[in-house]
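These notes are about the structure you will find just below.
The values are calculated or read from the model by the stated rules, or taken from the named source; none is laboratory data. Here the structure is a predicted model, which is why all the values come from computation and not from measurement. As a convention, Cβ positions derive from the backbone with ideal geometry for all residues, glycine included, and neighbour counts pool all protein chains shown.
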Amino acid sequence: MTTVIKNKHIVLGVCGGIAAYKSVELLRLLKKQGANVRVIMTENAGAFVGPLTFEALSGEPVCSSLFEQSFDASIRHIDWAEASDAVIIAPATANIVGKLANGIADDALSTFMLAVTCPVGICPSMNTHMYENRAVKRNLETLRNDGYFVIEPDAGELACGTTGPGRLPEPEDIVDRLLKMLTIKDMRDKKVLVTAGPTWEAIDPVRFIANPSSGKMGYALARAAEYRGGDVTLISGPANIPDPLNVNVVRIKTAQEMAQAVFEHMEDCHIIIKAAAVSDYRPKEKEKHKIKKDNDEMIIDLIKNQDILKELGKRKKDQILVGFAAETRDLEINAGKKLKEKNLDIIAGNLVGDSSSGFGTDTNKVTLFFKDGKKESIPEMEKNEVAHLLLDRILERVG
Ligand code: CTP
């Protein structure tokens, strides 16, 4: 997967907290994304996880003392600061937060931090009362003002028995926030509405009409827009994907519910992207009770759902409207027709049924058709990459 983390030099700072075991998994995930990771541990971190674990997983020596030197006799903590593209401290104890806020350098990690000039993510993790302590709050605020990217802790039951904020977020979420930290914020002033997933149209209390849409493309778009600083609302049909962080997620089931949610949110959005696979029809009546298999044949009467995108095309003001076209043949003709009929700025067409694109896959192969008649064929790539590319094309056309 190509991300902003691939081939980057990242330093992982580990402090002495019970959550230090999670930094092992964090290191593994960063390596999996193609990052070169080096670890700096505080002395107390060694009480929780041994340096050998980090050394084996990073493939690099671990720095835990100010007085270690590299093989070429240069000064390791200064060299590493100069070479790093990003730093993440997880877990960050109240101690390191206090030291960083006050410029104290009395061990390898805090001294290294004074020499760092790249973006830094801080994951405070501690007992709730410590986290809510006025001095710690004040220090965290200082770090935010100094340009550090503070990743808020999760709330829940903590190792010390208290319940509240202070838990180190899951490593996947820390990587997600790191991706956000390193992504250029070119959508900071943009409100974005994305739809994703299928809709379910009930036949009776236990059955429904649906389609195999996984929602991956729409979720990738919502996540990418959030990384780029956008204010994102995601209206999602049933999809087995966790809510993207810092995105307003509205979960719906039917096409009618999707329509209502979309029209409620569309007004002040600059960009609307309809990646959802909306059911074109719904059963005329929803049976109150489970239909019994008494008959050899049965017919279900269907009625047409509103075409949400077409309605958006009629209502749109100074907004960029983007649709998707799932086709099994004649992609150019069918997508072109939808682009015109629905008054879109861009339509992303793909041939479903291909193993590299369409429902449920991690990759997609789309062709973009633009209002001005231009066309761009995009080779097969990860859905998150398609998402960024589509956002690039959208931004070229905004205002
Ligand atoms: N769409 C919509 N409301 C519907 C049907 C589709 O908003 N009731 C949107 C989809 O979200 C997508 C675009 O219209 O962005 C095209 O959807 P697609 O299923 O490819 O085509 P349809 O317009 O439904 O036409 P057809 O099924 O005849 O190909």
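Just to be sure before I move on: is Ile299 of a type outside the set (Gly, Ala, Ser), free of Cβ contacts under 8 Å to residues at least 40 places away in the same chain and assigned to a strand (DSSP E or B) in the structure I sent?
no
Could you tell me which of the residues Arg207, Arg228, Arg282, Arg223 is among the basic types (Lys, Arg), away from the ligand (no atom under 13 Å from the Cβ) and over 13 Å from the mean Cα position of the chain (by Cα)?
None of the other options fit; the residue is Arg207.
Checking Asp72 against (1) more than 30 Å from the chain's Cα centre (by Cα); (2) modelled with pLDDT of 95 or more; (3) more than 30 Å from Arg134 (Cα to Cα): exactly one of these is not met. Which one?
(2)
Say we look at region 252-279 and pick out the residues that are part of a helix (DSSP H, G or I) and among the polar types (S, T, N, Q); which of these is farthest from the ligand (Cβ to nearest atom)?
Residue satisfying both the conditions and the ranking: Gln260.
Listed here are the residues, each with its yes/no results for (1) modelled with pLDDT of 95 or more; (2) not hydrophobic (A, V, I, L, M, F, W, C).
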residue	(1), (2)
Thr2	no, yes
Glu55	yes, yes
Trp80	no, no
Asp85	yes, yes
Leu100	yes, no
Gly103	yes, yes
Ala115	yes, no
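Somewhere in region 50-66, is a residue in contact with a Leu (Cβ under 9 Å, 6 or more places away or on another chain) and under 21 Å from Val150 (Cβ atoms)?
Looking through region 50-66, none of the residues is in contact with a Leu (Cβ under 9 Å, 6 or more places away or on another chain) and under 21 Å from Val150 (Cβ atoms).
Examine region 267-284 for a residue that is surrounded by 22 or more Cβ atoms within 10 Å (Cβ to Cβ), closer than 26 Å to Asp392 by Cβ and without any contact (Cβ under 8 Å) to a residue 40 or more places away in the chain, and state whether such a residue exists.
no
Identify the residue in region 339-356 that is closer than 14 Å to Ile273 by Cα and among the charged types (D, E, K, R) and, among all such residues, is farthest from the ligand (Cβ to nearest atom).
Asp345
Filter region 146-161 down to the residues that are among the aliphatic types (A, V, I, L, M) and part of a loop (DSSP other than H, G, I, E, B) and list them by number.
Ile151, Leu158, Ala159
Can you tell me which residue within region 299-317, out of those that are within 20 Å of Ile235 (Cα to Cα) and not basic (Lys, Arg), is farthest from the ligand (Cβ to nearest atom)?
Here the residue is Gly313.
Have a look at Arg223, Arg167, Arg138 and point out the one that is in contact with a strand residue (DSSP E or B) (Cβ under 8 Å, 6 or more places away or on another chain) and either surrounded by 19 or more Cβ atoms within 10 Å (Cβ to Cβ) or without any contact (Cβ under 8 Å) to a residue 40 or more places away in the chain (or both).
Arg167
If you check Thr195, Thr199, which single one turns out to be buried (at least 21 other Cβ atoms within 10 Å of the Cβ), touching a residue at least 12 places away in the same chain (Cβ under 8 Å), out of contact with any Ser or Thr (no Cβ under 6 Å at 6 or more places or on another chain) and assigned by TED's automatic domain parsing to the domain that holds Tyr281?
That would be Thr195, the only listed residue that is buried (at least 21 other Cβ atoms within 10 Å of the Cβ), touching a residue at least 12 places away in the same chain (Cβ under 8 Å), out of contact with any Ser or Thr (no Cβ under 6 Å at 6 or more places or on another chain) and assigned by TED's automatic domain parsing to the domain that holds Tyr281.
Does region 350-364 include one or more residues that are buried (at least 17 other Cβ atoms within 10 Å of the Cβ), within 25 Å of Lys190 (Cβ to Cβ), assigned by TED's automatic domain parsing to the domain that holds Leu221 and of a type in the set (A, V, I, L, M)?
No, every residue in region 350-364 fails to be buried (at least 17 other Cβ atoms within 10 Å of the Cβ), within 25 Å of Lys190 (Cβ to Cβ), assigned by TED's automatic domain parsing to the domain that holds Leu221 and of a type in the set (A, V, I, L, M).
Could you check region 318-330 and list, in sequence order, the residues that are within 10 Å of the ligand (Cβ to nearest atom) and at pLDDT 95 or above?
If the condition is that a residue be within 10 Å of the ligand (Cβ to nearest atom) and at pLDDT 95 or above, then Leu321, Val322, Gly323, Phe324, Ala325 are the ones that fit.
Among (1) in a helix (DSSP H, G or I); (2) more than 9 Å from the ligand (Cβ to nearest atom); (3) within 21 Å of Arg397 (Cα to Cα), which single condition is Ile333 missing?
Going through (1) in a helix (DSSP H, G or I); (2) more than 9 Å from the ligand (Cβ to nearest atom); (3) within 21 Å of Arg397 (Cα to Cα) one by one, Ile333 breaks only (3).
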